[in-house]
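A.B. asks: Pasting a structure here, questions to come.
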Amino acid sequence: MSFPPYRLLDRDHIAKTQAKFERLERLYHVGQQKAWDGKQVLADLLKKHGGIRIPDAKRIAIGEVFSVILWGELAAWSIACDLALMLEEPGAKMAATSQAHDEARHFYVMRDYLLELGGKIPPLDGYTATVLNDLLDTRRLSDKLLGMQLIVETTALTLFRAVAQARVEPVLSDLMPYYERDEARHVGLGVLYLPTVLKGADRLETARLRLFQLKLITMIGWGTHLKQRYFKDLGIDHAEAMRYGNRMVQEAFEGMRSSEGGQPRAVLASSAMMQRINEKAMEVFFPSQEAPQPAWQRAVVGFCGQLARVGDVALRMAA
Ligand SMILES: [Fe+2]
Ligand SMILES: [Fe+2]
């Protein structure tokens, strides 16, 4: 788009696009109204709960799981800035700008929390590093929107909800609803804008996008296997969390359908067959920690855990 884009001041253009992008612009205004003071919120929660007092095993587990979140927030901040640059319509640009503001807060609050938690915060695992680097490196708007807004944001939302519900640690669990509210708006940007971006995707592009999503989902699945024992230490049932995450992706997809009146075929979750495969895979590979598992399933899950560790080492060496 050549600069300045005078059409943005054209009354006919504004009238034509306003209804379509009004809800995106609203995300910006809601973000402004609901912006919270991260320094104050964290200080108040630390005071309310008398600091962070937990056994060492839990401290290690929080460090393992939340190093993923910390670097995920930093990546989300940069990707939101990319989106704010790439998106042309003011409503969408405003929503992405508001997201960048939120992600900056999410990053510094999580950094301050982890410093307060103490102990050693481990480096990022190979799977998450691959996902985040793919999303940071791509110059494709469709990849960034699909990968970050629909897949990574819903995964983060699922984890935040699980941590809040499991009362993992009082300060962290009370912090999570602040993050959840913001992340829900970020998913909203994807839901509202993706149909416009994906409308022109031909068969080849649709296939490429589906493969790209499959790679991201597979990496996130292996990353979850890798952290399995830490979820257990935190009292989080990953089977329940994954089912919730799956429902969220479905809801996001339904939202996309109603926002544009069509079904963007490039979204992997749109395929009924993919849904069935997904549900079956979750039953086998991510069984509920509450229910007893048959010996064969314990062996499969144990083997996946070992394989996840091998893959992690390989990915880190290849980086
Ligand atoms: Fe965030
Ligand atoms: Fe976000």
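The numbers here are math on the coordinates, done by the rules we state, and not lab data. Because the structure is predicted, anything quoted here is derived from the model rather than measured. Note: ideal-geometry Cβ built from the backbone for every residue, glycine included; neighbour counts use all protein chains shown.
A.B. asks: Just round it to a whole percent: the fraction of Cα-Cα distances in segment 21-318 exceeding 24 Å.
C.D. replies: Working: 22934 of 44253 pairs.
For segment 21-318, the share of Cα pairs beyond 24 Å comes to 52 percent.
A.B. asks: Oh, and also: How high is the FRET efficiency from His29 to Lys120, r the C-beta distance, R0 35 Å, rounded to 0.05? All intermediate terms of the calculation are to be shown ahead of the outcome.
C.D. replies: Working: r = 41 Å, r/R0 = 1.18.
With a Förster radius of 35 Å, E is 0.25.
A.B. asks: Sorted by mean Cβ packing within 10 Å, highest first, what order do the peptides 130-143, 36-49, 87-100, 232-245 take? Mind showing how you got there, number by number?
C.D. replies: On the way: 130-143: 17.0, 36-49: 14.0, 87-100: 21.9, 232-245: 18.7.
Listed from highest to lowest mean packing, they are 87-100, 232-245, 130-143, 36-49.
A.B. asks: Mind giving me the FRET efficiency for Thr206 and Val41? R0 is 35 Å, r the Cβ-Cβ distance, nearest 0.05 is fine. Walk me through the numbers before you get to the answer.
C.D. replies: Numbers: r = 42 Å, r/R0 = 1.21.
Step by step, r from the Cβ atoms, then E = 0.25.
A.B. asks: Can you put Lys20, Lys120 in order, fewest other beta carbons within 10 Å first? Walk me through the numbers on the way to the answer.
C.D. replies: Details: Lys20 14, Lys120 10.
Ranking Lys20, Lys120 by Cβ neighbours within 10 Å, fewest first, gives Lys120, Lys20.
A.B. asks: What is the fewest-to-most order of Arg316, Arg53 by other Cβ atoms lying within 10 Å of their Cβ? Numbers along the way, then the final one.
C.D. replies: Values: Arg316 15, Arg53 10.
In increasing order of surrounding Cβ atoms, one gets Arg53, Arg316.
A.B. asks: Right, here's the next one. If you stretched the chain out fully between Asp56 and Gln18, how much longer would it get, using 0.36 nm times the residue separation minus the C-alpha to C-alpha distance? Before the final figure, lay out the partial values.
C.D. replies: On the way: separation 38, 0.36 × 38 = 13.68 nm, distance 5.36 nm.
Taking 0.36 nm per residue and subtracting the Cα distance, the gain is 8.3 nm.
A.B. asks: A further question follows. Report the full-extension gain for the segment Arg265 to Leu85: residue separation times 0.36 nm, less the Cα-Cα distance, to one decimal in nm.
C.D. replies: Working: separation 180, 0.36 × 180 = 64.80 nm, distance 2.60 nm.
Here the segment from Arg265 to Leu85 would lengthen by 62.2 nm.
A.B. asks: Please rank Arg257, Arg298, fewest neighbouring Cβ atoms within 10 Å first, as an exposure proxy. Let's see the in-between values first.
C.D. replies: Details: Arg257 16, Arg298 12.
Taking fewest neighbouring Cβ atoms as first place, the list is Arg298, Arg257.
A.B. asks: To continue, here is another question. Pop a pseudo-label 7 angstrom from the Cα along the beta-carbon direction at both His101 and Ala314 and give the gap in nm to one decimal.
C.D. replies: 4.5
A.B. asks: Given a cut-off of under 8 Å on Cα pairs at least six residues apart, what relative contact order in percent is computed for segment 97-191? Before the final figure, lay out each step's value.
C.D. replies: Values: 49 pairs, mean separation 27.5, N = 95.
RCO, segment 97-191: 29 percent.
A.B. asks: Among Ala61, Gly147, His225, which residue has its Cα positioned farthest towards the positive end of the charge dipole of segment 21-318, with +1 placed on the Cβ of Lys and Arg, -1 on the Cβ of Asp and Glu, and the dipole taken about the Cα centre?
C.D. replies: His225
A.B. asks: Then there is this: Which one of Ile79, Ile121, Ile14 has the biggest mean-square fluctuation once the chain is modelled by GNM with Cα springs under 10 Å?
C.D. replies: Ile14
A.B. asks: Using Cα-Cα distances under 8 Å and only pairs 6 or more residues apart, what relative contact order does segment 21-318 have, in percent? Walk me through the numbers before you get to the answer.
C.D. replies: On the way: 349 pairs, mean separation 65.9, N = 298.
Once normalised by length, the contact order is 22 percent.
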